[in-house]
Amino acid sequence: MQAASRIAASTIVVAGVLVASAAPAAAINPGGGRHRVHTEQGRNHSAHHSAKSGEDNMSPQLKQEFYRLRMCESSDNYRDNTGNGYYGAYQFALTTWHNLGMSGRPDQAAPAVQDHAAYTLYKRSGWGPWPACSQREHLR
């Protein structure tokens, strides 16, 4: 059995705000998904989020791009929890999930809630929170 090499964590800080921090868990699959970042965004303190389908007004092209992102990150598995500290279809870090105003863990949330959270993060930060998969899938 070959030992996986560890990838050193790196952090990006812009204007005193932690924007991204690559986790050592990225060594799991250096060629594809499982490259995760923590994003520190402003908190949305609303207790409940409406995540009805269509409410996010995504174009068909953007829906397809999110599907490709999910396939890269988790093989479209909304229940994904591999023990690497990232959860759900979009492989949210708990800090990112909670900073989006969500409670619990992403892998325990309904798919529509995870989709809504990912779309909210996308509207705030673009594809930046998913650097490896957005590059691999040519998302702009």
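The values are calculated or read from the model by the stated rules, or taken from the named source; none is laboratory data. Worth saying up front: this structure is predicted, and the values here are computed from it rather than measured. Glycine also receives a Cβ, built like all others from the backbone with ideal geometry; neighbour counts cover every protein chain displayed.
Just a few scattered comments:
- Within the range 86-128, the set of residues being among the hydrophobic types (A, V, I, L, M, F, W, C) and either over 18 Å from ARG68 (Cβ atoms) or touching a Cys at 6+ places or on another chain (Cβ under 6 Å) (or both) comprises ALA93, LEU94, TRP97, LEU100, MET102, ALA109, ALA110, ALA112, VAL113.
- Taking residues in the range 84-110 that are more than 20 Å from TRP127 (Cα to Cα) and of a type in the set (S, T, N, Q), and partners anywhere that are assigned to a helix (DSSP H, G or I) and modelled with pLDDT under 95, the pairs with Cβ atoms closer than 6 Å and at least 6 places apart or on different chains are ASN84/ALA25.
- Verdict on ALA26 being in contact with a His (Cβ under 9 Å, 6 or more places away or on another chain) and modelled with pLDDT of 95 or more: no
- Scan of the range 59-109 for residues that are of a type in the set (S, T, N, Q) and not in a helix (DSSP H, G or I), ordered by number: SER59, SER75, ASN77, ASN81, THR82, ASN84, GLN91, SER103
- Residue check for THR120: surrounded by fewer than 21 Cβ atoms within 10 Å (Cβ to Cβ), out of contact with any Pro (no Cβ under 6 Å at 6 or more places or on another chain) and in a helix (DSSP H, G or I): yes
- Looking across GLU55, GLU65, GLU73, one residue alone is crowded, with 17+ Cβ neighbours inside 10 Å and either more than 12 Å from the chain's Cα centre (by Cα) or at pLDDT below 95 (or both). It is GLU65.
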